[in-house]
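Trainee: Okay, here's the structure, questions in a sec.
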Amino acid sequence: MLNVSKLKPGFLGALATGVVTAAAMSPAVAAELTHISIGTGGQTGTYFVTGQSICKMVNRDSKIHNLRCSAPSTGGSIANLNSIKSDGLDMGVVQSDWHYHAYNGTSKFASDGAYPKLRSVFSVNGEPMGLIARADSGINHLNDLPGKRVNIGNPGSGQRGTMEEIMNVKGWTKGTFKLAGELKSSEHGQALCDNKLDAFVLTTGHPSAAIKEAAASCAVKVIPVDGEDIDALVNKYSYYAYSLIPGGTYNGTDEDVKSFGPKATFVSSSDVDENVIYEITKAVFENLERFKRINVIFAELTPESMINEGLTAPVHDGAAKYYKEKGWKYFGS
């Protein structure tokens with residue numbers, strides 16, 4: 001209990017004023033603020049940057065729309081999708097391929113069946129598969145991985161899922177490698193430089209802080225991910241596309257490197273309130289130039305690309321409302 005007899009003169013008045021103010025304000029604030037969460041990925045990955053950047057745009061105007069956004073680090077695409085399905089997260093940043101599979105109930109989601117409540121909001125950057133190897137590993141192409149120590153990605157991550165697609169088309173298993181690591185993206189760079197790995201994969205926007213960190217700490221090179229098997233994947237699935245990782249992006253790799261990959265997409269569920277998604281969408285697009293300046297991976301974004309490319313489920317009604325107000329043609333319209 002507070003002993004008022006020992007308080008200094010003037011404190012009671014201040015205390016009373018503070019209590020009255022808190023009593024007057026706290027219930028209103030608590031009633032008005034709606035807290036939303038965006039699933040991301042590892043803290044050194046681009047999904048974490050994307051989620052945090054979206055939240056920055058939303059939180060700038062919290063007093064207007066009464067939304068407060070957070071973007072915790074998570075296991076990645078598949079973990080985010082599973083959490084959205086189980087009402088653990090409101091929305092998330094995921095690879096376009098895994099959004100497709102979750103919506104249609106294919107691949108890793110076949111046993112769970114289709115989840116038709118999944119919705120697209122907008123896409124962000126392309127995500128070429130990065131295959132990063134020690135310079136002394138003897139790895140010069142994707143086909144050189146058998147018998148090597150390779151981090152294939154932590155369970156639940158997008159890179160793990162995409163790597164398993166590559167493994168399936170090539171007929172590889174975990175036993176194909178001397179070691180099939182399952183480290184998170186925040187851990188595999190150090191393991192590579194400590195010579196505990198020969199290579200790791202990372203499906204991400206470029207430049208990636210995780211890859212830059214490894215390239216600055218030890219001698220590495222970016223390895224091509226192409227060939228007939230990759231052609232088969234790109235030709236079979238519309239959410240994959242060929243891409244290049246520009247030369248000079250990372251220390252040790254001066255030439256362009258061929259690869260392929262999906263897009264990073266911002267997704268949600270039809271269960272999330274239309275007005276919430278509308279306000280988030282508006283916050284990003286009304287501040288798009290500011291958003292693009294946050295990180296170089298966003299530099300080439302345009303409204304047209306964000307609302308048409310890489311989307312693999314119907315657009316959320318809240319996002320569609322904003323796009324219609326702007327007079328923009330969007331995926332599925």
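Any read-out appearing in this document is the output of simple, stated calculations on the displayed coordinates, not a laboratory observation. Computed from a predicted structure; not experimentally measured. So basically every Cβ, Gly included, is an ideal-geometry build from the backbone, and we count neighbours across all protein chains shown.
Trainee: With each label point set 7 Å from Cα along the Cα-Cβ vector, what nm distance links residue 178 and residue 274?
Mentor: Each label point lies 7 Å from its Cα, and together they span 5.9 nm.
Trainee: Could you work out the relative contact order of the stretch 206-333, using alpha carbon pairs under 8 angstrom and six or more residues apart, expressed as a whole percent?
Mentor: 22 percent
Trainee: For residue 324 and residue 234 in one chain, what is 0.36 nm times their gap in residues minus the Cα-Cα distance, to one decimal in nm?
Mentor: 29.2 nm
Trainee: Here are labelled values, (i) 22.9, 83; (ii) 19.9, 69; (iii) 19.5, 63, and one is the computed Rg and Dmax of the Cα atoms in Å for what I pasted. Which one?
Mentor: The value computed from this structure is option (i).
Trainee: Additional query: Expressed as a whole number of Å, what is the distance separating the alpha-carbon centroids of the stretch 40-99 and the stretch 136-159?
Mentor: 27 Å
Trainee: Order the peptides 295-302, 123-130 from the highest to the lowest mean number of other Cβ atoms within 10 Å of their residues.
Mentor: Taking the mean over residues of other Cβ atoms within 10 Å, the ranking is 123-130, 295-302.
Trainee: With the cut-off at 1.5 for a/c, could you classify the stretch 266-333 from its C-alpha gyration tensor as rounded, prolate or oblate?
Mentor: Prolate.
Trainee: Distance between the C-alpha centers of the stretch 271-333 and the stretch 172-232? Whole Å please.
Mentor: The two parts, judged by their Cα centres, are 31 Å apart.
Trainee: Follow-up question, since we're still on this one. Give the percent of DSSP beta bridges with both residues in the chain that are antiparallel, rounded to the nearest 5.
Mentor: 70 percent
Trainee: Here's another thing I want to ask about it. Do any trypsin sites (Lys or Arg not before Pro) in the stretch 37-111 lie in a loop, going by DSSP, with at most 14 other beta-carbon atoms within 10 Å of their beta carbon, and if so which?
Mentor: Hits after loop and neighbour filter: 60.
Trainee: I've got another one for you. From Cα pairs below 8 angstrom and at least 6 apart in sequence, can you work out the relative contact order of the chain, rounded to a whole percent?
Mentor: Once normalised by length, the contact order is 21 percent.
Trainee: Distance check, please: which entries in 236/329; 108/178; 263/292; 117/326 exceed 19 angstrom between their Cα atoms?
Mentor: Over 19 Å apart, Cα to Cα: 236/329; 108/178; 117/326.
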